[in-house]
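Take a look at the structure set out below.
The values are calculated or read from the model by the stated rules, or taken from the named source; none is laboratory data. On a predicted model such as this, the values are computed, not experimentally measured, just so you know. Every residue, glycine among them, receives a Cβ derived from its backbone with ideal geometry; neighbour counts consider all protein chains shown.
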Amino acid sequence: MKHSIIVALDEHNQEKFDDVLSQLDPSLCMVKIGSVSFNSLGRECVIKAAEKGFDLFLDLKLHDIPNTVKKSINGLVNLPIKMMTVHASGGQKMLEESVAATINTDIKIFGVTALTSLSDTDTNFIYKREAKEQVLAMIKLAKKSSIHGVVCSPQELSLVKNNSNLLTITPGIRLKSLDDDQTRVMTPKEAIDNGSDFLVIGRPITASNNIKDSLKEIYDSIQ
């Protein structure tokens with residue numbers, strides 16, 4: 001993967017998907033296709049983006065029993081993707097089966113540690129520990145399972161870098177304070193300076209009045 005910026009293309013409308021994709025530059029970014037676009041538009045949206053020269057991150061956050069996840073990934077590895085996600089909380093066996101399903105490919109598996117929409121109140125209720133404690137536990141599990149990297153908020157980057165050599169994908173990237181559903185956020189430059197390998201950026205680019213200029217501005221800011 002040659003880019004740090006991954007633009008999240010979460011569109012369920014084909015015309016809107018095509019419009020946003022046409023304004024992005026594959027020399028500046030990768031593209032993330034998650035469940036919104038994949039479930040609405042199908043595998044064709046991945047193929048279309050790849051045909052335009054983009055490296056692809058398939059963000060389906062798979063989470064099921066080990067055999068089911070392995071079979072699901074077996075059905076996806078023929079797509080032109082570079083990275084994909086599973087939930088680290090699926091456990092060591094599930095993570096190991098995820099890696100096994102990508103043998104003989106160059107696809108990297110990333111484990112989601114704790115969704116960036118979760119606050120400490122949420123994680124205390126769900127996991128009985130604060131977000132950073134949950135992330136640290138998932139980092140340790142990721143290392144044991146030999147997956148390639150983890151997805152974490154920018155605020156937990158130091159936990160990853162201080163406790164592993166895992167690659168990091170960081171959602172929750174914002175240019176300024178926005179009224180949305182992310183709670184653990186950071187600017188692109190701050191995230192890169194803190195050791196992020198890949199920045200997932202959605203609305204600051206895709207909801208911009210000038211998508212091309214917004215992407216270029218963020219790209220320039222982290223060089």
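The figures follow:
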item	result
Residue ID - nearest to Leu56 (Cα to Cα), chosen from residues in the stretch 10-32 that are assigned to a helix (DSSP H, G or I) and among the acidic types (Asp, Glu)	Asp18
Qualifying residue in the stretch 78-86 (condition: closer than 23 Å to Ala8 by Cβ and in a helix (DSSP H, G or I))	no
Residue that is more than 15 Å from the chain's Cα centre (by Cα), closer than 20 Å to Ser146 by Cα and of a type in the set (Val, Ile, Thr), where the choices are Ile47, Ile73, Ile107	Ile73
Unique residue being at negative phi, of a type outside the set (Lys, Arg) and out of contact with any helix residue (DSSP H, G or I) (no Cβ under 9 Å at 6 or more places or on another chain) when the list is Ser40, Ser89, Ser117	Ser117
Residues of the stretch 37-70 that turn out to be within 16 Å of Ile205 (Cβ to Cβ), free of Cβ contacts under 8 Å to residues at least 60 places away in the same chain and of a type in the set (A, V, I, L, M, F, W, C), as a count	2
Any hit, the stretch 166-184, residues being aliphatic (A, V, I, L, M), in a loop (DSSP other than H, G, I, E, B), under 20 Å from the mean Cα position of the chain (by Cα) and at pLDDT 95 or above	yes
Hits in the stretch 109-140 (condition: crowded, with 19+ Cβ neighbours inside 10 Å and either touching a Pro at 6+ places or on another chain (Cβ under 9 Å) or under 23 Å from Ile73 (Cβ atoms) (or both))	Ile109, Phe110, Gly111, Val112, Thr113, Ala114, Leu115, Thr116, Met138, Ile139
Which listed residue is over 18 Å from the mean Cα position of the chain (by Cα) and of a type in the set (D, E, K, R), from Lys161, Lys189, Lys128	Lys128
Hits in the stretch 107-128 (condition: modelled with pLDDT of 95 or more and in a loop (DSSP other than H, G, I, E, B))	Ile107, Thr113, Lys128
Tally of residues being assigned to a strand (DSSP E or B) and either crowded, with 20+ Cβ neighbours inside 10 Å or modelled with pLDDT under 95 (or both) across the stretch 33-70	6
